[in-house]
Amino acid sequence: MMNISKKKKLRLLKELKRRPLTLWLYPDSILREKANPVQIFNTVLKDFANDMLFFMKQHEGIGLAAPQVGILQRIVVADIGESPICLVNPEIVTGSGTENMIEGCLSLPGYEVDVNRNTWIEIRGKNLDGKRVVNKVEGLMARVLQHEVDHLNGILICDYGELLSEHEGFQLLDKESERDV
Ligand code: NI
């Protein structure tokens, strides 16, 4: 990992205290930048991650990455209704299986894209105490974490295919369900 100056570490820490959190929307250039690794694990980081989770739920999201609230740091949160996950400096080590699914993103309100992703991943990173964690994840949580790690690298769902308006997306789903019946 890159060695960064004490001055930069303090600047990054100060940035995590910025409130209120606000949603940055496509096509803002901040969503295209690569986020910085977190170096300091303390209560400032914990408060920020907890506020991210609260903010995500307020916006009815199931995942959120720090760049989406204008903070270029490698922090993601997710909650698909089981237990919330906060991961710092996450890295997807390996993955297998592929599946397409129509995804939305809080940063592109009203739009959806059909995205092909791995159905199973191994993801490493640190928890909020700075302890190394390794998670093997599948299904929806695997998809959400791949989506959020993309945000840390400036990648958005529109990079995977044509943007559909939410309305068009629902029409496609309706057609499919008609075929099933
Ligand atoms: Ni997103």
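Numbers at a glance
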item: Angle between the chain longest axis and helix 139-152 axis [Cα atoms, degrees, rounded to 10]; result: 50
item: Degrees between helix 166-180 axis and first principal axis of the chain (Cα, 0 to 90, nearest 10); result: 50
item: Cα→Cβ-extended label distance, 7 Å offset, between Gln58 and Lys136, nm; result: 3.8
item: Proximal lysines relative to Lys9, as straight alpha-carbon distance under 25 Å, when same-chain residues fewer than 8 apart are discounted; result: Lys17, Lys34, Lys46, Lys126, Lys131
item: Dipole moment magnitude, nearest 20 debye, the range 1-74 about Cα centre, only Lys, Arg, Asp, Glu C-beta charged; result: 500
item: Helix 6-15 axis, angle to the chain major axis (alpha carbon atoms, nearest 10°); result: 50
item: Distance (nanometres) between label positions extended 7 Å along Cα→Cβ at Asn116 and Arg18; result: 3.6
item: Magnitude of the charge dipole, the chain, Cβ model with Lys/Arg +1 and Asp/Glu -1, debye to 20; result: 1800
item: Chymotrypsin sites (Phe, Trp or Tyr not before Pro) within the range 32-119: DSSP coil, no more than 15 neighbouring Cβ in 10 Å; result: Phe41
item: For Pro84, net neighbour charge (Lys/Arg +1, Asp/Glu -1) across residues whose Cβ lies under 14 Å away; result: -2
item: Charge dipole of the chain about the Cα centre (unit charges at C-beta), most positive-ward option of Gly110, Leu21, His147; result: Leu21
item: Cα-centred dipole magnitude for the range 64-158, charges only on beta-carbon of K, R (+1) and D, E (-1), debye, nearest 20; result: 440
item: log10 of Debye I(q)/I(0), alpha-carbon scatterers only, for the chain at 0.16, 0.17, 0.20 Å⁻¹; result: -0.99, -1.11, -1.49
item: Options Ala65, Pro37, Thr98, ranked by Cα towards positive dipole end of the range 1-109, top entry (Cβ charges); result: Pro37
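Computed from the coordinates by the stated procedures, all read-outs in this text should not be read as laboratory data. None of the values given here were measured: they were computed from a predicted structure. Note: ideal-geometry Cβ built from the backbone for every residue, glycine included; neighbour counts use all protein chains shown.
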